[in-house]
Every structure is written in structure tokens, then in C-alpha cells.
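Enquirer: One structure, as C-alpha cells, below. Some questions next.
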Amino acid sequence: MVQDTRLIELKGVCKNFGDTQVLRDVDLYIRKCEFITLLGPSGCGKTTLLRIIGGFEMPSSGEVLFEGSDLTVIPPYKRRINTVFQKYALFNHLNVYDNIAFGLNLKTPEQLGVKTKAEKKKEIERRVKRMLRLVKMDGYEKRSTDALSGGQQQRIAIARALVNEPEVLLLDEPLGALDLKLRKEMQLELKAMQQQLGITFIYVTHDQEEALTMSDTIAVMNGGRIQQIGDPKRIYDEPKNAFVADFIGESNILSGTMLQDELVEFSGTEFQCVDEGFGTNAPVDVVIRPEDIMIVGEDVGMLTGTVQSVIFKGVHYEMMIKGESDGTLWKVHSTTMQPVGTRVGMTIVPYNIHIMRKATTADAVPVSDSGKEEA
Amino acid sequence: MKRSWYASPYALWMLLFAVVPLLFVCWYAFTTPDGAFTLANFQEFTKPRYMGVILRSLKLALYCTALCLLIGYPTAYFLAGRGFNHAQSLVVLILLPMWMNLLLRTYAMMTLLDDNGVLNAALTALGLGKVRVIGTEGAVLMGLVYNYLPFMVLPIYTVLKKMDYSVIEAAEDLGCNPLRVITRVVIPMSVPGIVSGVTMVFMPAVTSFAISTLLSNGKIRLAGDLIDYIFNQSSNPNRWNIGSSFSLIMLVLILLSIGFLRKVDPDNEGGGMW
Amino acid sequence: MVKTISAETRRAPADRATARFARWSANRANRLKTVRTIWMALLMLFLYAPILIMIALSFNASVSRSQWTGFTLDWYVKLFNDPAILGALKTTIEVAVVATIISTIIGTLGAIGIHAMNSGMAGMLINVSYLPMTTPDIVTGVSLMLMYLFCHVPLGKWTMIFAHIAFDIPYVLFSVMPKLRQMNPNLYEAALDLGCKPIKALWKVIIPEITPGIFTGALLAFTMSLDDFVISYFTSSDMYPNLSRIVYSSTKLGVKPTMYALSTLMFTTILILLVLVNKRTKLENL
């Protein structure tokens, strides 16, 4: 399980490509055995951050420490870190076995804990075989990498990295090219592998569901900054700003006013809530998840509205309901369907209303829906 | 009229002017001047004076290929490298001579290397004294390399350019230092381009015509010049037959090497012209 | 106090190593750049020095190849007063123009026809085009010569033109084929559907779509025709020499500056044509 030791530490890391600032003053620490996900839309800097840890980019300024000592001066081939690349980057001049053995072949017999070259060969074979079993690809040794499916290539790429027994495995959107069903399977397998091997995984993705499923910790990134970091439940339940709320899951985000502690006004209505310390009459953003809005009879709700559209989403119905007080369009998830045109009431319990300070910096404002994956 | 019929003039022309002439070569190669079947034409080449030319052609073509690879690989590697701003215009500059008249290029080389040429003038000016270059195998070799170098650079460059950069990063990631990245990943992965380049240089070098005649004052003859020489031996009644048999050997050699190339590089990753 | 000092001294070498490494890796990148620049400069010198020297000598006042004695255009004037050279120039251009026109027509029609065929037949016909491209020039030349001589056709201008057409056609075919493949296959059918007769549909729909490819092909064919030496050498006679042949026979008589002038002009023409081709399609993709 996640240990308290800080394995990797980034302090004030910035990265510029020409005039564009890709990373702005990133502080982050990664603990031993942690499964941490860097989550954000494309262009948010998550891949650059990963590449700095992998050694493929130098930070423009700031420090990267590995167990307390400077990592940036160590070239990638000397780091105890291995990477699973986005498009696998398998060597197509080598077969599956030689791909996985690639890193081990570069080591001396002593580094593998044996004495002679013959023993090294045996040791490599033992380790490669074990890896193939781990990724469920035994029997594929002699295959050419071109003859493998995307999912199989992915497994080989993972085995090729893990066989070197790195302390940290970096994964750059490794499941992006797979179909949905395969992706779900691999998510569970990756998580199981990480727990079995007890090493740190740093995982980059733009898929919020993937992040929520696998991670111990999620760092949500946007505009080159980490917007929020925490465990999945906390990120989901208590988004720190409108960007995070919008990016993680689906939500209704509204402007409102914090009238006083535990009392907020939005949509022309006053609501009880559980947040304090915003002062009086402070402008705030209010987040309400679609599944937290309960549909009740039209006369007993806190708000009333008319159903505009209904889509069946499998487990629930997604309804767009137009509020009567100010015309807000509410996204509501419910297991019972209301026909279009029905007038309904809506209620929200106090602890499902999340209050956030209005974003002050430009890049914390929700940008666009690009990169946001529909569940 | 069906659209495929539009191809008939094409088919006819290629048949008459590309396929049939080669059949004539085959016919003459296996017959005597009277039209009787014979294999004697091929035996001509075991005669020492012909054999010497063939061996010399093979030797010089081999040296030429090796030199082109030695010069061409780093060139292609640099051109395909990341962060090289002038690469695109340099590629064009290096490939341009490929399309330029071989005779003119060799003529230019001749001017440079001639006994009274620019090279010797420069050497004299430096007080080093003259060197005899024209007429040596060195001059012929230089002419061959000069003419065929672009054919080596192009396919290797094409392969390297297409290579996914993340493969190089993967090699570093797995423990390759910069030298090992080149020996273990870059070179093995560019083998199709190397094979393509080697064939594209070796074959025309073996059959080269005029280059050696010009750069050796006619003293050194290579296989291509030999064919020309045989066809011009007006006193020899067998000249067409012997010349044809030799041309046929050349053609078979080329086709074999193309077959070999297709086998090594079935998807034509080397981007060769063949 | 003591502790602080010792802590600093322990850190110092590490810092120095860090700085050394940073310097080393920056130097490595710079060294690579220097090596690359020198390498490319030497290569360019090797490839272009002979040509540039030849061009310079074509403007040299004296016959000497080792001394610059002043600028002159005399050699060019002589060139254009030499009836043999002017005759060869006429032959060369005539051959190139006629061969380009015929090969462009045959090649374009061939590409359209092949495009409409099933893949087996098409593959075979395309492979025929690889034949003149793969056969060594000298074998192509000799084979055509044998055929002409066997049929008692005297070698001359037309035998050369026919040979040129044969090696030009593949260049046209390979320039037009990709354009046909890029074309929306429904275009032609749509034209027929709207009432066009097949021939008219070809003119109105297909030809306009592939015109860039036809033009590139024609340009390439023209260049190759001007550029050819070996095949022309075997399929023509001294009675109807083209420019390459003139250059070749003159080398046996020692070097003449008029030949430098001629070569310079040919080089420049071909260079301009190639630059034009390269603008239309990358040379490296041909």
C-alpha cells in the first residue's frame, strides 16, 4: 500500500517551449507505491510533466528530486524509471521475446545477480517468461510485434518496461487506442499489477472515469498548473474550483451568492447548505451533481421546472429540466422517467450543494468541453 | 467503350519497346550468327581478358557501395535528425544530382581531376607537386561514388525519417546510452533502407558505362564499357550474340537482386525506386 | 558550526558533478551540431565543387584549366556559331518535345485504363512499367539497338524518339496514377448519372481532376529526355547526334571550353526543370 516516503518531489517546475509556457510552477510529490494519475484535457501539460520525470525533457526551471537527490542531471538511460509509451513504441525489428529482453540484455551479469554470460542468458529467459505470464501473453515469445493486436502490443510494452524492475512506471495514455471493453479490462489488470508488484505508477490520461477507477491519488491539471490534488472520492465530491467540477463527472455549475454561513442563494432561491467561512454576500460558484437532484411532485419542490428532453443512458435517464424561476437548464439523472413537457419539482439536500470561491485566475475558469469524455 | 481499353496503346508500346527488345537480347544470347542454339556465347566470359573486366567491375562496385554507405549513412542520419532547420533544402540539394546527366557530372569530375586540372593547380600552388589521378582506379572509384551517392542517401533517409521518435526514447528509457541507441535500435531498424540503398548503388555501379572510360582515358574498362566495346568490334561476326549474352547476365543479376530486396523489405519501407 | 561546514563540504562535490554534467550535455549537443555542419559542408563541396568549377571555367578567357585569366563570353558565342552543336541542340529539343507529347498521351490514357481495371491485370501492367526503370540503361539501349538492327531500321532520330517514349511513359504513369487514386471514385459515375457520355465524362470530370499529375509527368518526361545519354547513345547514330553524344565524343579529343559552356547550359536547364518538378512533388518521393 501507499507508503509515506516521498519518492519523487517536484518543486516549482516550469517548462517553456519557445514562448509557450507549458508548465507553470508545479509542486508535486509522489509517494512510494502510489498510483497517481495526472488528469486533464489535451494541452494541459500532463504529458510534459511525465516526460520531465522520464528524462526526455529538461525543466526550464525548478527542481526534480528522486529520493532527495537531483534527478534532472541523470540521463533517462540511468534512471530507475521506465515508461510505457502512448503508441507502445515497440521495436519492430525484434520479436516479442527480444523486445522484453531488450533492457536486460544491456545489463552486465553482475547487475542481474549472476556470474557468467550463460547464467545471464538463463536469468533473462526466466525473467522474460515471468513477465509474459504477468501480462498473460505466454506463448507469444517468437511472434513478430507487427502481428499483434493493439491490446497485445500494449501488454508487451508494459512487460518490456516492468521486466527492468523500475521503482517507478510511467504510463502515457496507454489505453487510449483500445476499445471501451478492452480498456475497462486493462484498467483493472493494471491496478492489480501495480498492487502485486508494489511499485509506483504515474499515469497520464484525459479520461476522468479511468482516473477515478484506478488511482490512489489524482492530480487534475489545466493550463500548466495543478488545479487540485487528492484521492478520487475527494476530488469528485469536493471539487476545488469550477474547472475541476466541470472536468470530473457531470455537474450543474451556477453562479450564486453566499448570503451567510450555511445559506446560499442561486436560481432566485435560497438554499440551506453546509459550507461556512465565505463571508456574507460573497459571489460563489455552486456545483450540483445531476444525480443529487431529486424529482418530486410539482408543488413540493424547492424549484419547479419543465422537462425539455429525456435520454435513456442505460442505468438512468438523463433529463434536461428548464427551471421556471430564471430559465436555468438543469441536468438531472434519475431512475424514473418523466415525459417531456411534464412540470416537476426538484429538491437538493444541503450536503449535496458544493460551494466554491469564484475563480480569480484566468486559467482556473472552465475552458471548454474539449477533452472531456462522456461517460 | 470500356475505360480499361484506354490502356491498350500503353500496353502495346511497352510490349514493343520494353518487353520485345529484351526478348531479342535473350534470342541473340543463346544463338550463333546463323541462328542455331548455342551456349558458347556465355563461355566467352571465362576468357581472362573478359573475366578480368568482370572481376574489376565487381571489385570497384563493391568498394563504391561500401564508400557510399560509409558517407551516405551519417548523411541520412543527420538529415533525418530532429531540430535540423536546413534539412529540407539539403535533401533537395543532395538528391538533385541523382536526376542529372551522368555524363555531365562525370565530365565535371574529369575537369577537376585532370593532370592539368584544378586539383593539380591547387596542389602545385600549395607546393605539393602534381599527382596523377586520371587513369587510376581511384579516379574511377571517385567518379562512381560521386554519381551514385544520392541513391544510397535517399532510401536510408526515407526509413529514418519515418521512424517513430518514441522508439528512440524507449531505447533510452530501457537503458541504452546514446551510442547503444544507434547500434541497437537505429541501425537495425533502418536495415530495409540500407539494403535498398546497397542494391540501388551496387547494381548501376557494376553496369556503369562511360564513367570509367572518361576518368581513365579509356584505360580502365568496366562491365558496361565492355558491352559497348563488344558491340563495336566490327571484325567479330559473333559480336551481337556475345554482347547480348553479357547483357543478359547483367539483367539476371539485377532481377535477382531486386527479388532479394523485395524479400528483405516486402513493404518497400526502404522507399526504393524499385 | 562544525556540522554545517561538514554538511556543505559533503554537498559540494555533488554540485560540481551536477554542473559538470549540465555543461557536458550542452557541449554534446553543440559538438553534434558542429560535426553535422562540417559534414554537410564537406558533402556539398564534394557534390557541387566539380560542377561549379566547370561553370566557372566556361567563363574563363584562356583555355587553361588551372589559371583564371579573365571573364569572357567567347565560348558561348562560339557555341552558338557551331553548326554541329546547333544541329545537335535542335535534335535534342525535337526528340524531347515529341517524346514528351506522345508519352504524356499514352501514359495518361494508360493510367486511366489501368485505374479502371481489376487489380490482377492492373498489377501486371504496372509491373511492365518497372521494367525500363529497373533494367540498367545500357541493357535497355543495347536491346533496342538489337531490335532496330534486326528489323533493318536505320538508327536515327525516330529510333531515338521511340526509345525515349518508352522510358518516359513510366514517369507519366507514376505521376498520374496517384492523382487517380486520390480522386473520389463516384465523380465519374455521377457524371454518367447526370447524362454525360463516357468520353465527355472523361474530358469534363477525370482529366481536370488529374491535370496536375499529367503536368508533373510531362515535365519529368521532358527532363528525363533532355538528360538521357546512354539509351540515346545506343539508339541513334553519329549522323543525328544529340547534345550528350556531342559532349561524349568531344571528350576523346581533349577538353574544349565550348563543351564547358554547353554543359553549363544543359546543367542550368535541367536544374531549373528539376526545381519546377520539385515544387510540384517532392523529388524524394519519386
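Rule-based calculations on the coordinates, nothing more; no lab input. Predicted model only: the values in this text are computed from it and were never measured. We place every Cβ from the backbone using ideal geometry, glycine too, and count neighbours over all the protein chains shown.
Enquirer: Looking at chain B as a GNM with Cα springs under 10 Å, which of B:I220, B:I182, B:I194 has the largest mean-square fluctuation?
Expert: Between B:I220, B:I182, B:I194, it is B:I182 that shows the largest mean-square fluctuation.
Enquirer: Something else: For segment B:8-110, what is the convex hull volume of its Cα atoms per residue in Å³? Please list the in-between numbers first.
Expert: Numbers: hull volume 22.0 nm³, N = 103.
Considering the Cα atoms of segment B:8-110, their hull volume per residue is 214 Å³.
Enquirer: Search the structure for amide H atoms under 5 Å from the amide H of A:L7, placed 1.01 Å from N in the peptide plane, and list their residues when 5 or more places away or on another chain.
Expert: Under 5 Å from the amide H of A:L7: A:I30, A:R31, A:K32.
Enquirer: Separate question: Mind checking which of B:L12, B:L251, B:L67 has the largest fluctuation in a GNM of chain B, springs on alpha carbons under 10 Å?
Expert: B:L12
Enquirer: A further question on this structure: Would you calculate the separation in nanometres between label points at A:V349 and B:S89, each defined as 7 Å from the Cα along the Cα-to-beta-carbon direction?
Expert: Label-label distance for A:V349 and B:S89, simple model: 7.2 nm.
Enquirer: What does the charge add up to near A:V349, with Lys and Arg as +1, Asp and Glu as -1, over the other residues with Cβ less than 14 Å from its Cβ? Please report the intermediate quantities before stating the final value.
Expert: Details: positive: A:R289; negative: A:D237, A:E262, A:D275, A:E291, A:D292.
Result for the local shell: -4.
Enquirer: I've got another one for you. Rounded to two decimals, what is the ratio between the C-alpha radius of gyration of segment B:1-43 and 2.2 N^0.38 Å?
Expert: The reported ratio for this selection is 1.77.
Enquirer: Which of rounded, prolate, oblate describes segment A:237-291, given a ≥ b ≥ c as roots of the alpha-carbon gyration tensor eigenvalues and a/c under 1.5 marking rounded, otherwise prolate only if a/b is larger than b/c?
Expert: It comes out prolate by the Cα gyration axes.
Enquirer: Would you mind counting up the charge near B:L255? Only other residues with Cβ under 14 Å from its Cβ, with Lys and Arg at +1 and Asp and Glu at -1.
Expert: Charge balance in the 14 Å sphere: +2.
Enquirer: Semi-axes of segment A:6-237's equivalent ellipsoid from the Cα gyration tensor, sqrt of 5 times each eigenvalue, largest first, rounded to whole Å?
Expert: 30, 21, 16
Enquirer: Here is a follow-up. ³J(HN,Hα) across segment A:222-237 via Karplus (A = 6.51, B = -1.76, C = 1.60, θ = phi - 60°), whole Hz, x for Gly/Pro?
Expert: Computed from phi, the couplings for segment A:222-237 are 7, x, x, 10, 7, 7, 7, 9, x, 7, x, 5, 5, 4, 6, 7 Hz.
Enquirer: Whose amide H sits under 5 Å from the amide H of B:T31, counting only residues 5 or more places off or on another chain, with H placed in the peptide plane?
Expert: When sequence neighbours closer than 5 places are left aside, the close amide H contacts are B:T38.
Enquirer: Here's something else I'd like to know. Measure off 7 Å from each Cα along the Cα-to-Cβ vector at C:K200 and A:R143, then give the distance between these two points in nanometres to one decimal.
Expert: Each label point lies 7 Å from its Cα, and together they span 5.7 nm.
Enquirer: How much of the DSSP bridge set in chain A is antiparallel, in percent, rounded to the nearest 5?
Expert: Numbers: 59 of 77 bridges.
Antiparallel bridges make up about 75 percent of those DSSP assigns within chain A.
Enquirer: Right, something else. Run the helix sum for chain C: -39,500 (n - 2.57) per DSSP H stretch of 4+ residues, divided by residue count, reported at 222 nm to the nearest 500 deg cm²/dmol.
Expert: Taking each H run of at least 4 residues, the total per residue is -26500 deg cm²/dmol.
Enquirer: Further question on the same structure: Tell me, what ³J(HN,Hα) does each residue in segment A:27-40 have, in order and in whole Hz, if you take phi through Karplus 6.51 cos²θ - 1.76 cosθ + 1.60 with θ = phi - 60° and put x for Gly and Pro?
Expert: My calculation for segment A:27-40 gives 10, 6, 10, 10, 8, 4, 6, 8, 9, 10, 10, 9, 10, x Hz in order.
Enquirer: Computed on alpha carbon atoms, what radius of gyration and Dmax characterise chain B, expressed in Å?
Expert: Both quantities, over Cα of chain B: 22.6, 76 Å.
Enquirer: OK, next. By DSSP, what percent of the beta bridges with both residues in the protein assembly as shown are antiparallel, rounded to the nearest 5?
Expert: That works out to approximately 75 percent antiparallel.
Enquirer: Taking a ≥ b ≥ c as the square roots of the eigenvalues of the Cα gyration tensor of chain C, is the shape rounded (a/c under 1.5), prolate (a/b larger than b/c) or oblate?
Expert: Here chain C falls in the oblate category.
Enquirer: Now for a different question. Treating only the Cα positions of the protein assembly as shown as identical point scatterers, give the base-10 log of I(q)/I(0) from the Debye formula at each q in 0.07, 0.09 Å⁻¹.
Expert: Log10 I(q)/I(0), no solvent term: -0.81, -1.07.
Enquirer: Hey, which of these cross-link pairs are over 31 Å Cα-Cα: A:K78/A:K233; A:K15/A:K129; B:K59/B:K263; A:K78/A:K115? Before the final figure, lay out the partial values.
Expert: Numbers: A:K78/A:K233 36 Å; A:K15/A:K129 40 Å; B:K59/B:K263 25 Å; A:K78/A:K115 22 Å.
Long pairs (Cα-Cα over 31 Å): A:K78/A:K233; A:K15/A:K129.
Enquirer: Continuing with the same structure: What Kirkwood hydrodynamic radius, in Å, does segment A:28-115 give when the mean of 1/r is taken over all pairs of distinct Cα atoms and then inverted?
Expert: When all Cα pairs of segment A:28-115 are included, the Kirkwood radius is 15.6 Å.
Enquirer: Count charges around C:F59 for me, please; just the other residues with Cβ under 15 Å from its Cβ, Lys/Arg as +1, Asp/Glu as -1.
Expert: Computed value for this residue: +2.
Enquirer: Return the single residue from B:L154, B:L253, B:L222 with maximal mean-square fluctuation; model: Gaussian network over chain B, springs between Cα atoms under 10 Å.
Expert: Sorting by GNM fluctuation, first place goes to B:L253.
Enquirer: When the Debye formula is applied to the Cα atoms of segment A:15-69, each taken as the same point scatterer, what base-10 log of I(q)/I(0) results at q = 0.16, 0.28 Å⁻¹?
Expert: -0.51, -1.44
Enquirer: For segment B:62-160, what log10 I(q)/I(0) values come out of the Debye formula at q = 0.12, 0.20, 0.21 1/Å, with one point per alpha carbon and no solvent?
Expert: Debye intensities relative to I(0), on a log10 scale: -0.49, -0.99, -1.03.
Enquirer: Check chain C and count each lysine pair with an alpha-carbon distance under 27 angstrom, considering only pairs eight or more places apart or from different chains.
Expert: Close lysine pairs under the 27 Å cut-off: 16.
Enquirer: Residue by residue through segment A:242-249, which ³J(HN,Hα) values in whole Hz follow from phi under the Karplus form 6.51 cos²θ - 1.76 cosθ + 1.60 (θ = phi - 60°), with glycine and proline marked x?
Expert: Taking θ as phi minus 60°, the curve returns 4, 4, 4, 4, 6, 6, 8, x Hz for segment A:242-249.
Enquirer: Let me ask something else about it. Run through segment A:82-148 and list the trypsin sites (Lys or Arg not before Pro) located in a DSSP loop whose Cβ has at most 13 other Cβ atoms within 10 Å.
Expert: Here the sparse-neighbourhood loop sites are A:K115, A:K136, A:K142.
Enquirer: OK, next. Past 26 Å, Cα to Cα, is the threshold; run A:K184/A:K240; A:K184/A:K313; A:K120/B:K161; A:K11/B:K161; A:K87/A:K191 against it and keep the listed order.
Expert: Long pairs (Cα-Cα over 26 Å): A:K184/A:K240; A:K120/B:K161; A:K11/B:K161.
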